[in-house]
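The structure appears right after this line, and notes come after that.
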Amino acid sequence: MPQPHHRFVFVLFDGFSNLVLASALEPLRAAAGLPNGPDIRWDICTIDGSPTTSSSDLVITPKAALNALNDPTRIDYLVVISGYDMRHHLSSRTRARLQNAAQHARTVIGVDTAAWLLAACNMLAGKSATIHWQELDQFREQFPDVSVLTDRFVEDGKMITSGGAATVMEMMLHLLSREFGPSVAFDVSNLFVYDARHQAHGTNDMPARGADRLHGPGADHVRRAVSEMIAHIEAPIALKAIATRAGCSLRSLDRAFQDNLQMAPGKYYQMLRLGRARDLARSTDIKLADIALQTGFKSHAALSRAYAQAFGTTLRAMRSKRRTVPTTTASQPDL
């Protein structure tokens, strides 16, 4: 049976940061666009359905009011984003609608200063949380029933809180890894040239050392091997040669890929090549035979067999149904 989609509902408040929204939303878009990527869908809303203005005067028209979304009881992640004006949004209507949506959400996330709103809605009482570093002291004073931490993001039960944009990106990669596997998070982090080695587990929003999307034994070998694979899409090289260039044996490389990405290196290499073939078929008019050559397959037939086996469809069928990018829609933004 097909896997159900994962639904994210974003609630924006005036004064939100464009960068924070992008850091939360773009990893989802990137993950959904991966070859065989997860089925992720999202809605962008406001409390009353009115357009909202970011801290840099970008106006976004939401899909709906929070209480008027289709299927309001089907929310996997409720993501609340507010900026410096969070104290001005604490109306009785805001509290009621956030509390109602949170009851139906599997996970509730507050980013940037949204932990203030969640705490005001009595969602963080007795829990640990964090907030943008500029608000930490006042947050402690205002909500003594919340254990305020300086961690870059904090999970406590169904509640997750995070600080600014850099920490939000890290949090989203963490969620992608947990929901869909480390290889998805790793691929997304590569798309954004995200280097968590200089990010995680330090003071909120301050660069620190010591973390990466890859944590298992042999992580450095995996990084070097993936770099070699990416450099040799059109003219693939043998896995033994890749292992040698990564500084390990083929057996060690296989173990490192299984530990870090839960996938054999040969499978990962093939998925990189098939992903490139899909991108070319979707975004260009290059002949499929030429796409096969550009992605290291001996023939169009060989590429078609591998693609059909991996994705259950053909490149020709996918090309005939090229996705139409919406001109203006809040729920499916594009870069």
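The values are calculated or read from the model by the stated rules, or taken from the named source; none is laboratory data. Please read all numbers here as calculations on a predicted model, not as lab measurements. A quick note on method: Cβ atoms are made from the backbone with ideal geometry, for glycine too, and the neighbour counts reach across all protein chains shown. With ligands, DNA and RNA removed, areas are computed over all heavy atoms of the protein, side chains included. Shrake-Rupley method; radii C 1.70, N 1.55, O 1.52, S 1.80 Å.
Of all the numbered requirements in (1) open to solvent by less than 50 Å² (accessible area, probe 1.4 Å); (2) part of a loop (DSSP other than H, G, I, E, B), THR73 misses one, and that requirement is (1). For the range 41-60, a tally of residues being closer than 18 Å to ARG97 by Cβ, of a type in the set (D, E, K, R) and open to solvent by 30 Å² or more (accessible area, probe 1.4 Å) returns 1. Within the range 240-291, the set of residues being of a type in the set (Gly, Ala, Ser) and out of contact with any Leu (no Cβ under 8 Å at 6 or more places or on another chain) comprises ALA241, GLY247, SER249, SER252, ALA256, ALA264, SER283, ALA289.
One residue stands out in the range 27-40 among those that are assigned to a loop (DSSP other than H, G, I, E, B) and without any contact (Cβ under 8 Å) to a residue 40 or more places away in the chain: the one that is surrounded by the fewest Cβ atoms within 10 Å (Cβ to Cβ), namely ASP39.
Residue count for the range 92-138, restricted to those that are among the polar types (S, T, N, Q) and either assigned to a strand (DSSP E or B) or touching a Pro at 6+ places or on another chain (Cβ under 9 Å) (or both): 3. Considering the conditions (1) surrounded by 19 or more Cβ atoms within 10 Å (Cβ to Cβ); (2) farther than 27 Å from PHE192 by Cα, ASP137 is excluded by exactly one of them, (1). For the range 284-319, filtering for residues that are charged (D, E, K, R) and in a helix (DSSP H, G or I) leaves 4. In the range 206-283, counting only helices (runs of 4 or more DSSP H) that sit wholly within it, the ones holding 1 or more residues that are modelled with pLDDT under 90 span 219-231, 250-261, 265-283.
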